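Structure first, commentary second.
The values are calculated or read from the model by the stated rules, or taken from the named source; none is laboratory data. Just so it is clear, the structure is predicted and the values come from calculations on it, not from any experiment. Cβ sites come from the backbone with ideal geometry, for glycine too, and all protein chains shown count toward neighbours. SASA here: full protein model, heavy atoms, side chains in, ligands and nucleic acids out. Shrake-Rupley method; radii C 1.70, N 1.55, O 1.52, S 1.80 Å.
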Amino acid sequence: MHTRTLGNTGPQVSALGLGCMGMSALYGDADRAESIATVHAALEAGVTLLDTGDFYGMGHNELLIGEALRTAPAARREQALVSVKFGALRDPDGGWSGYDGRPAAVKNFAAYSLQRLGVDHIDVYRIARLDPCVPIEETVGAIAELIEKGHVRHVGLSEVGADTIRRAAATAPVSDLQIEYSLISRGIEDEILPTTRELGIGVTAYGVLSRGLISGHFTGDRQLAANDFRAMSPRFQGENLRHNLNLVEALRKIAEQKGAGVAQIAIAWVLSRGAQHNNDIVPLVGARTRERLAESLGALDVTLDAADLAAIEEAVPAGAAAGERYPAAQMAHLER
């Protein structure tokens, strides 16, 4: 497994990380035993970065990762690095009530996460979305205090704009920005990515397969469960879906010529975006099964030359996707 360093100050991690959200929430029901087996398989393959959020399944995901770590071989358990997002406020019906970045809340969230995960420290800690009522300096400052006490190792950021990144980095060293980045979600390229590179901050890219949309496995007639986020996602609706799946078919032709899967090409493209910049982008793959994990890991064996990249850009140009990546209510929580 190749490794990367998250920014100038962050930890060394595997070239791919495992995003664990789907094992607990937002993509329909998941198999707990298979989820734990997938975490174990990832660790065995050399994946070290496990990404979660304390609000994924209202703590379910942290408990699941805690169990997976507890039951993994000691050598694999010790190599694992856990990245945690916090701050999202939920209600018993699964609704969203905003974000809380107050220093007291930061420390409270961390205390619960440490208990659920069964670890003595969190490797990277980040608020999931900016709290508009709390200056980022206060939120990051609270994480810095947790670092001083040994409860957290590194400050991370999530889904914030260039100005907030600068203000956070002026408060404490920031290891990485976690943000959506894929062939059909390229909004970070204009301002955010140049800012992280100027400041020496890494990027952990989630949504690299756009929630399965550009994996090559999603079909237009697929019926989504009521508890599957994609049933309400604009990119998966009606004409938007038909348009986006046409992009996937164009990408499939390139994948077939390379002897690779569509998902592998999409992941390899994200990896290529950091190749000329000290490998500063680490894709998070949201595999929920060992089969999908193995497929994703195969992206590490795909080499894209200049001609391949040009063909991919022609097949899926920047801005080619139809529909926003979230419903309007959730888009409102993003710092645009």
Residues in the stretch 120-135 that are buried (at least 23 other Cβ atoms within 10 Å of the Cβ) and not in a loop (DSSP other than H, G, I, E, B) total 5
List every residue pair whose Cβ atoms sit under 8 Å apart, with the two residues 6 or more apart in sequence or on different chains, where the first one lies in the stretch 113-128 and is farther than 15 Å from Asn61 by Cβ and basic (Lys, Arg) and the second, anywhere, is open to solvent by 40 Å² or more (accessible area, probe 1.4 Å) and not in a strand (DSSP E or B).
none
Can you confirm whether the stretch 27-34 contains a residue that is crowded, with 23+ Cβ neighbours inside 10 Å and either of a type outside the set (Val, Ile, Thr) or touching a residue at least 24 places away in the same chain (Cβ under 8 Å) (or both)?
no
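Looking at the stretch 1-53 only, could you name the residues that are assigned to a helix (DSSP H, G or I) and closer than 12 Å to Ala80 by Cα?
So in the stretch 1-53, the residues assigned to a helix (DSSP H, G or I) come out as 21-23, 32-44.
Residues satisfying the conditions are Val39, His40, Ala42, Leu43, Glu44.
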Within the stretch 38-46, can one find any residue that is under 13 Å from Cys20 (Cβ atoms), of a type in the set (Ser, Thr, Tyr) and at pLDDT 95 or above?
yes
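How many residues are closer than 13 Å to Arg76 by Cβ and either in contact with a helix residue (DSSP H, G or I) (Cβ under 8 Å, 6 or more places away or on another chain) or open to solvent by 10 Å² or more (accessible area, probe 1.4 Å) (or both) when one looks only at the stretch 1-26? Break it down stepwise before answering.
In the first step, residues of the stretch 1-26 are kept if they are closer than 13 Å to Arg76 by Cβ; the result is 1, 14, 18.
Still in the running and either in contact with a helix residue (DSSP H, G or I) (Cβ under 8 Å, 6 or more places away or on another chain) or open to solvent by 10 Å² or more (accessible area, probe 1.4 Å) (or both): 1, 18.
Number satisfying all stated conditions: 2.
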Note on the stretch 80-108: residues β-branched (Val, Ile, Thr) and over 13 Å from Ala142 (Cα atoms) are Val82, Val84
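Going by the conditions given, is Glu191 touching a helix residue (DSSP H, G or I) at 6+ places or on another chain (Cβ under 8 Å), at pLDDT 95 or above and not basic (Lys, Arg)? Can you show your working first?
Details: touching a helix residue (DSSP H, G or I) at 6+ places or on another chain (Cβ under 8 Å): yes; at pLDDT 95 or above: yes; not basic (Lys, Arg): yes.
Here the answer is yes, as Glu191 does meet what is asked.
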Sole residue being modelled with pLDDT under 95, out of contact with any Ser or Thr (no Cβ under 8 Å at 6 or more places or on another chain) and not aromatic (Phe, Trp, Tyr), chosen from Ala275, Ala307:
Ala275
Of Ile179, Ile143, the only residue that is under 30 Å from Ile312 (Cα atoms) and free of Cβ contacts under 8 Å to residues at least 40 places away in the same chain is Ile179
Subset of the stretch 146-176, residues more than 29 Å from Asn244 (Cα to Cα) and in contact (Cβ under 8 Å) with a residue 60 or more places away in the chain, comes to Arg153, His154, Gly156, Thr164, Pro173, Val174, Ser175, Asp176
Consider the stretch 91-118. How many of its residues are open to solvent by 40 Å² or more (accessible area, probe 1.4 Å) and within 21 Å of Leu69 (Cα to Cα)?
5
Which pairs have Cβ atoms under 7 Å, sit 6 or more apart or on different chains, and link a residue in the stretch 202-222 that is under 14 Å from Ser233 (Cβ atoms) to one that is assigned to a strand (DSSP E or B)?
Gly207/Glu180; Gly207/Ser182; Gly207/Ser185; Leu209/Ser182; Ser210/Ser182; Ser210/Ser185; Ile214/Ser182
